[in-house]
Amino acid sequence: MACKPTLPPLDRPTGWRPMDELVPVDESTPVDASYDWLIVGGGITGLSAAMRLGEVAPQDRALLVDARPVGWGASGRNSGFLLDLPHKFDLDHPDTARLDRIMKLNRGAIDRLHEQVDRFAIECDWSPVGKLQGAVKKRGTGMMARFCEALDKIGQTYEVLDRQGCTEIMGTGYYAGAVFTPGSVLVDPLLLVRGLARNLPGNVTLRDDAAVVEFAARDGGFTAKLRLSGGDTRVVSARRVILATDPYTREFGYMKNRILPTITYASITRPMTREERSRYKGRMNWGLTPADAGGTTLRMTADGRLLIRNHYGHAPRYRADGAVLARVAEAHKQGLDKRFPRLSDMPITSTWGGVVSLSRNHATYFGEMAPGVFSANCYNGVGMTRGASSGRLLVDLAVGHRSQALDDIIAVSGKPSTLPPDPFLSVGVSGRMKLVEWESRSEM
Ligand SMILES: Cc1cc2nc3c(=O)[nH]c(=O)nc-3n(C[C@H](O)[C@H](O)[C@H](O)COP(=O)(O)OP(=O)(O)OC[C@H]3O[C@@H](n4cnc5c(N)ncnc54)[C@H](O)[C@@H]3O)c2cc1C
C-alpha cells in the first residue's frame, strides 16, 4: 500500500542567510523514470550519502530529492557546531570503548567534511576553534565537573576556565565557568550544506524542488510519486532507497511510534557595527554549548553576529506555532541582553524553529529498516557529524563495503524504544519538556 507523507511545512526557515538565497540548487535537470538509488532528504545525511555513492558506486545512477531547497531543513537551521566528542546522553554511558567509537566517527566526519570544504572551495566560515561547555550556576558547574570526569575517562585534553577566563573570551561575566575542548569546528551550516549540494558527484541528480507525495514498495523495488515546483508530477522507481528524512521518516511508514519529532529554536542578530564592536570586550568566533542539556547554546560568529538557541517542544506537525515563535524571540532577546547588556540595542534579525527526531531511550538508529530501505535518525539533536557519518556508512552498508567505521556505527546505534499512543504521548512529552525547562532555568 502506498503511503502519502505529510510534507515539511513552508514555515519560517533559517536566519543564517537572507531568505531570498534559499532557492532550489537544481530545479531543472530532467527526472528519469528509474534509478538505482533514490535518496529522500537533502540535509547532511542525504548529501553525505550522495557523496559516498560517487566514490563506491560511480556506475550507479542516483536521484536525490528534497521537498524544499537544500538548507531549508534542520541541516541549514542548526547552530553550526561540528562536534567531535560524545555529547549529551552519550556521555553518561559507562562503556569507554563506546565513547571512543563515537569520537572516532565524529572526528572522521569532521576530517571528511574538511576535505570536501577544501576540495570544492566551500565558503562556510570553517572555523577549527574548538568549543566551550559552559555553566551559569551550581547545577551547571556540577554537570561541568561530570563532563570533565568523562573526558578524563576517555583521555581527552581540556582546559577549565573560571569566570574571568570566560569573560576574556566571551565578553560576558554571565558564566561561572566553562570547559574548553579543542576538537569541534564551527561553521555556517547553511553555506556548508548548500556548498555540498552544488558539488555532488556526476552519478547523482539533485532535485531540491521535488516532494515525495506517495511512496510504495513494488516489484522488488520502490516507486515514488514526486511533485515538482510548478505542480508537475513524475513517478520514479529505484532498487534501493535511503530515507535521509530524520523526523519525517515516520511519514514513510517506518519507525512510526518510535520517533519523537522535537522542535528547538534559534535566533541570530545582524553583525555588530564598528561602534558596537568597540563596546564588546570579548573575542570573535567562539561557540558555547550548555553543560546542562536543557540550557542555552551561544555563538559569536566570525562576522560579529550573536546566535542563541534554547527551548524544546513536541512538534507532531513539524512546525513552530506563530505565538510560540514570538514568545521565544522575546525570551532570546532577554537571554542576550542579560549576557551582553552593553549590546542591548543590537536587534535580533531572525528567530526560527527546527525539527529533529529524538528517541525515548536516547538510541540513535542506523541500518536497513526493511529490505532495500536504509535510514539513520534520532541523532538526539547532535546530528551534523553523526548525520555525515551515517549517510556515508548507509551506502557502505548497502553495497557491502565493510570497514572499522561501519562496525563502529553499528556498535553504537540501537533501536529507539516505542512511544506511548496519543493523548498520553503529547501530554507526557509536553509535561516532561516543561519539567526539564524548569529544572534547567538557572542555566538558560
Ligand atoms: C536550532 C537547531 C540547532 C541545532 N544545532 C546543532 C548543532 O550545533 N550541531 C549538531 O550537530 N546538530 C545540531 N542540530 C541538529 C541537526 O541540525 C540535525 O540533527 C541534522 O541536521 C539532521 O540532518 P538530516 O540530514 O538527517 O535531516 P534534515 O536536515 O532534517 O533533512 C531531512 C530532509 O528531508 C526532507 N524531506 C522530508 N520529507 C520529505 C518528502 N516527503 N519529500 C522530499 N523531501 C522530504 C526535508 O525537507 C529535509 O530537508 C540542531 C538542530 C536545530 C533545529
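Computed from the coordinates by the stated procedures, all read-outs in this text should not be read as laboratory data. Source: prediction; values computed, not measured. Methodologically, a virtual Cβ is constructed for each residue, glycine included, from the backbone with ideal geometry; neighbour enumeration extends over all protein chains shown.
Structure values in brief
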item: Hypothetical label at D337: residues of segment 251-274 whose amide nitrogen lies under 17 Å (7 Å Cα-Cβ projection); result: 267-270
item: Global form of segment 339-444, assessed from the alpha-carbon gyration tensor, a/c cut-off 1.5; result: oblate
item: Within segment 230-265, backbone nitrogen closer than 18 Å to the virtual label 7 Å beyond the Cα of K4 toward Cβ; result: 231-236, 250-254
item: Cα-centre dipole for the chain with unit charges at Cβ (Lys and Arg positive, Asp and Glu negative), debye to 20; result: 920
item: DSSP H segments from the chain that extend 15 Å or more along their own axis, Cα-based, with Kyte-Doolittle mean of 0.0 or above; result: 44-56, 383-399, 424-439
item: Karplus (6.51, -1.76, 1.60) ³J(HN,Hα), θ = phi - 60°, over segment 366-374, in Hz, Gly and Pro reported as x; result: 8, x, 9, 6, 8, x, x, 10, 10
item: Largest-first principal axis extents, alpha carbons of segment 192-287, Å; result: 66, 36, 26
item: For the chain, with +1 on Lys and Arg beta carbons and -1 on Asp and Glu, the positive-most of L306, S344, M384 along the dipole; result: S344
item: Most mobile of D11, D92, D219 in a GNM of the chain (Cα contacts under 10 Å); result: D219
item: Base-10 log of normalised Debye intensity for the chain (one unit scatterer per alpha-carbon) at q = 0.14 Å⁻¹; result: -1.37
item: Spacing of the two label points (7 Å from each Cα toward its C-beta) at V427 and K137, in nm; result: 3.0
item: Viscosity 0.890 mPa s, temperature 25 °C, Stokes-Einstein D of segment 9-115 from Kirkwood C-alpha radius, µm²/s; result: 149
item: For the chain, share of DSSP beta bridges that run antiparallel, in % to the nearest 5; result: 75
item: Stretch gain in nm, segment S442-A302, where the contour uses 0.36 nm per residue and the Cα spacing is subtracted; result: 47.6 nm
item: Neighbourhood charge, 10 Å Cβ-Cβ cut-off, centred on R319 and excluding it, Lys, Arg +1 and Asp, Glu -1; result: 0
item: Charge-dipole axis of the chain as Lys and Arg at +1 and Asp and Glu at -1 on Cβ define it, positive-most pick from M144, G220, C124; result: M144
item: Top of T364, T45, T96 by mean-square fluctuation, Gaussian network on the chain, Cα under 10 Å; result: T96
